[in-house]
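What follows is a set of notes on a single structure, which appears directly below.
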Amino acid sequence: MLRCLAREIVDERFHDPGTGAGLYGPAIAQDRKKGKRKRDHLETKEAGCEILPSTTFLSLGRANIGRQFAGALSNVWWLQWQGCPQDAISMHLEKNENLVILDLSWSKVTESWAGWNRIKMERLKVLNLTGCGDLLITPSFSCCPNLEILIFELCSRLVHLDPSINYLKCLVTLNLKFCSELSMLPAEMGGMNALEELLIDVTSIRELPASIGKLVQLQILSATNCLSLVRFPSSVCELKALSELALDNAKILELPESIGDLGHLRRLSLKDCRGLGKLPESIGKLGHSLEKLDISGTSVSSLPDSTKNLRRLKVLKLDSCFIREFPLYIGKLISLEEVHASWCRSLEGIFSSDIVRLYSLRELRLRGTRISSLPSEIQFLPRLQTLDLLHCDFLKELPTLPRNLTSLD
């Protein structure tokens, strides 16, 4: 994702208006020994390689280049120096005023690294610090006010985000996945009014700040496997642009009643939120947007009556929850393509004949349930390809099945 987005930024930002030609070019090195030019990624492993002054994209891997290259990096726009020595990069980039993408993944940078103050980062749009295990506290972000993508994924010792992150008004993506020691977000986040993607999966965050509701452009909020997350503020429901909300394995006990105000929500995943016992009635207000609902592994025992309004729902996942019966109105969910209800031990009785209205249904998985019969109308489902009835020990007989069925367990 980073490479694709970064290329878009470079192509858009560095464009010759006179010729219409992009100014982006690969790194080029002159090998003095062989007299050959090397293009694309440059791995400088010996002093025999020369970095050309026109180089704009440079990948140095874990190289420790000498001072003779100090002036050669002044025109680089995109630098990948994964695993670079802590004191090397600031020396080589002090004179660079063009840096747009800086990838220091798996390096030794810390909050006290001299580069934060010595390198000019006013034009920097992408900063990738994936796997920087020595980073405990982020620096002030005042040095890079135009950041659009900020990645701290797998910074396993990171415990604090500097409050100045709130002033990154151009930030589109904030990736904090697998920052396992991070337990809180800044209290004020509303200043990041361009933010579209907030990824906090596998962190120790306990609650989301109320100010999160001010992120008016936020489209994706992913907080899966945040095992300490217990509070879900109602202000999240003010995120009118939100299209994906994933809270898998959180410790939340309820969703705000105002969840129905998320008028653009397409995907809601609550898998393994074992303390969640019911869905708000307002979920039916998502009828014009919600396409995927996953409540597998929750304690939900029945769906709200308003669920019948989810006319655009394509995927319904109920595996291993406490649903006792399918609602009689299931036929009103006319867009359903997949129904997953395997190992719902409380699901029993007769499956509703209203299923005949699910013309788009492709998968029906009822493995390990206690259902006793399927309606004869199931034979009229024109797109049903997969039917999983394995370990349905209470099922007495099978009706005539659709001709297009390709998988039966």
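On full extension of the chain, what length is gained from GLU188 through ARG118, given 0.36 nm per residue of separation minus the C-alpha to C-alpha distance? Don't jump to the answer; show the numbers that get you there.
Details: separation 70, 0.36 × 70 = 25.20 nm, distance 2.78 nm.
Net length gain for the segment: 22.4 nm.
Report the far tail of the P(r) of region 324-408, meaning the percent of Cα-Cα pairs longer than 22 Å.
Numbers: 484 of 3570 pairs.
That fraction is 14 percent.
Taking a 28 Å limit on the Cα-Cα distance, which of the listed pairs LYS125/LYS271; LYS125/LYS177; LYS177/LYS240; LYS95/LYS169 fall beyond it?
Working: LYS125/LYS271 34 Å; LYS125/LYS177 20 Å; LYS177/LYS240 24 Å; LYS95/LYS169 26 Å.
Cα-Cα > 28 Å for LYS125/LYS271; rest within.
Leaving out ligands, DNA and RNA, and with a 1.4 Å probe, what % of the accessible surface on region 324-408 is carbon or sulfur?
Working: 2040 of 4450 Å².
The nonpolar share, carbon plus sulfur, comes to 46 percent.
If I model a spin label as a point 7 Å beyond the Cα along the Cα-Cβ vector, how far apart are those points for ARG62 and LYS396 in nm?
Result for the modelled spin labels: 6.8 nm.
What's the magnitude of the charge dipole for region 92-237 around its Cα centre, counting Lys and Arg as +1 and Asp and Glu as -1 at the beta-carbon? Answer in Debye, nearest 20.
It comes to approximately 100 debye.
Express the accessible area of region 324-408 per residue in Å², computed with a 1.4 Å probe while the remaining protein chains stay in the model.
52
Percent relative contact order of region 324-408, based on C-alpha pairs within less than 8 angstrom and at least six residues apart?
Details: 205 pairs, mean separation 23.1, N = 85.
Reported as a whole number, the value is 27 percent.
Cut-off 12 Å, label point 7 angstrom out along Cα-to-Cβ of SER299: give me the residues of region 267-284 whose amide nitrogen falls inside.
Under cut-off, by backbone N: 273-278.
Hey, any idea what % of region 125-254's accessible area is carbon plus sulfur with a 1.4 Å probe? Provide the component values of the computation, followed by the final result.
Numbers: 2480 of 4710 Å².
That share works out to 53 percent.
When you have a sec, figure out the Kirkwood radius of region 196-300 from all distinct Cα pair distances and drop it here in Å to one decimal? Kindly include the intermediate steps, with their values, before the conclusion.
Values: mean 1/r = 0.0749 Å⁻¹.
13.4 Å is the Kirkwood radius here.
Remind me, relative contact order of region 151-209 in percent, using alpha carbon pairs under 8 angstrom and six or more residues apart? Each step should come with its number before you reach the end.
Values: 128 pairs, mean separation 23.3, N = 59.
Over region 151-209, the number comes to 40 percent.
Would you tally the net charge around GLY368, using a Cβ to Cβ cut-off of less than 14 Å, leaving GLY368 out, and scoring K and R as +1, D and E as -1?
On the way: positive: ARG345, ARG365, ARG367, ARG370; negative: ASP319, GLU348, ASP388, ASP393, ASP409.
So the environment of GLY368 carries a net charge of -1.
In Å and whole numbers, how far do the C-alpha atoms of region 264-379 stretch along each principal axis, longest first?
Sorted largest first, the three principal extents are 37, 29, 21 Å.
Alpha carbon centre of region 333-409 versus region 145-185: separation in Å?
Measuring centre to centre over Cα atoms gives 45 Å.
Using the Cα centre as the reference, give the magnitude of the dipole from point charges on the C-beta atoms of region 324-408 (Lys, Arg: +1; Asp, Glu: -1; all else neutral), rounded to the nearest 20 debye. Before the final figure, lay out each step's value.
Details: 11 positive and 10 negative charges, 12 e Å.
Charge dipole, region 324-408, about its Cα centre: 60 debye, nearest 20.
Given region 82-230 reduced to its alpha-carbon atoms as identical point scatterers, what log10 I(q)/I(0) does the Debye formula return at q = 0.12, 0.14, 0.20 Å⁻¹?
Reported log10 I(q)/I(0), two decimals: -0.46, -0.63, -1.28.
How many angstrom lie between the C-alpha centres of region 235-249 and region 205-221?
Cα centres, region 235-249 to region 205-221: 8 Å.
The values are calculated or read from the model by the stated rules, or taken from the named source; none is laboratory data. Please read these numbers as outputs of a predicted model, since none were measured by experiment. Backbone-built Cβ (ideal geometry, glycine too); neighbour counts: all protein chains shown. The protein model used for the area step is the full one, side chains on, heavy atoms only, and it has no ligands, DNA or RNA in it. Shrake-Rupley method; radii C 1.70, N 1.55, O 1.52, S 1.80 Å.
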